[in-house]
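Coordinate-derived values only; no laboratory data. The shown structure was predicted, so the numbers you read here are calculated from the model rather than taken from an experiment. Heads up, the Cβs are rebuilt from the backbone with ideal geometry, glycines too, and the neighbour counts pull from every protein chain shown.
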Amino acid sequence: MNPANADDLSFDAMLCDIDGVIRFYDTDVVSRLEKRAGLRAGTTAAIGFAPENDLPLLLGQITKEQWAHSIVQSLVPDVSRAEAQMLATAFTEAESRTDDVVVRLLRQVRSYCPVVLVSNATVWLDEDLELLGLRDLANDVVNSSLVGVAKPDRRIYEIAAERAGVPTDRCLFVDDREENTTAAAELGMTTVLYRSAAGLEEALAPVLESSLLT
């Protein structure tokens, strides 16, 4: 939590990341393919999430197919093209799951104040949320690929606060990446650096317990 506000967790809106907090991807298939190809575990993810490959996708500038192609091109020097294509497909089409505890917490918070999801995400995020049964989880979704800016750019936080209808210094921001919570704190937001569902539940307990009493 942001040390400046840690003793007084009061807020009028909650802004929350999606991937790494609510949604998690199954990496087993990619890991098996990497092992078979003689690659170090995590190689494909490192390439897929490299800024030169990932950021254009998250800003809505390229398609999923173009993203997959960039992964293939980066893998080809070390593996065959067929192996690279299998890895890219497995990575870009990986199945995902949601953390039921975090989903429950967000639904509870939404009964207390607006919840806005803030994600460096793809143009098909709405479809993903529909498949996961999460379209009604939040009051709004700020998707980097649709607004044209990505965390930790301050503008995406300002957009999220505006969508929530509250000043930035009355927002709680939750994210699993420190550079993103740092940027939010610089705007005066209270922040929680997500490490586990249990940790988030503990951080929110005073607010949720208080809301149940009112």
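Reported to two decimal places, what Rg/Rh ratio describes the chain when computed on Cα atoms with Rh from the Kirkwood expression?
On the way: Rg = 18.4 Å, Rh = 18.2 Å.
Using only Cα positions, Rg/Rh for the chain is 1.01.
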(message) How far apart, in nanometres, would the label points at E186 and S80 be if each is projected 7 angstrom from Cα along the Cα-to-Cβ direction?
(response) 4.8
(request) Taking 7 Å along the Cα-to-C-beta vector as the label spot, tell me the E158-E127 distance in nanometres, rounded to one decimal. (result) 3.3
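Full-extension gain between S10 and E202, please, as 0.36 nm times their residue separation minus the C-alpha to C-alpha distance.
Gain on extension, S10 to E202, equals 67.7 nm.
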(message) Running a GNM on the chain with Cα contacts under 10 Å, which residue among D175, D140, D28 ends up with the highest mean-square fluctuation?
(response) D28
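Can you give the longest run of the chain that contains no GluC sites (Glu not before Pro) sitting in a DSSP loop with at most 16 other Cβ atoms inside 10 Å?
Details: sites that count: E93, E95.
Of all site-free stretches, the longest is 96-214.
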(message) Based on alpha-carbon centroids, what's the gap between the stretch 52-118 and the stretch 185-205 in Å, whole number please?
(response) 23
(message) What distance in nm lies between label points placed 7 Å from Cα along the C-beta direction at A94 and E52?
(response) 2.2
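Can you show me the helix-derived [θ] at 222 nm for the chain, built from DSSP H runs with n ≥ 4 at -39,500 (n - 2.57) apiece and divided by the number of residues, rounded to the nearest 500. Please list the in-between numbers first.
Numbers: 11 runs with 107 residues, N = 214.
That comes out to -14500 deg cm²/dmol.
So which trypsin sites (Lys or Arg not before Pro) in the stretch 107-182 are both in a DSSP loop and have at most 15 other Cβ atoms within 10 Å of their Cβ? Before the final figure, lay out each step's value.
Values: sites: R107, R110, R135, R154, R155, R163, R170, R177; in loops: R135, R177.
Answer in residue order: R135.
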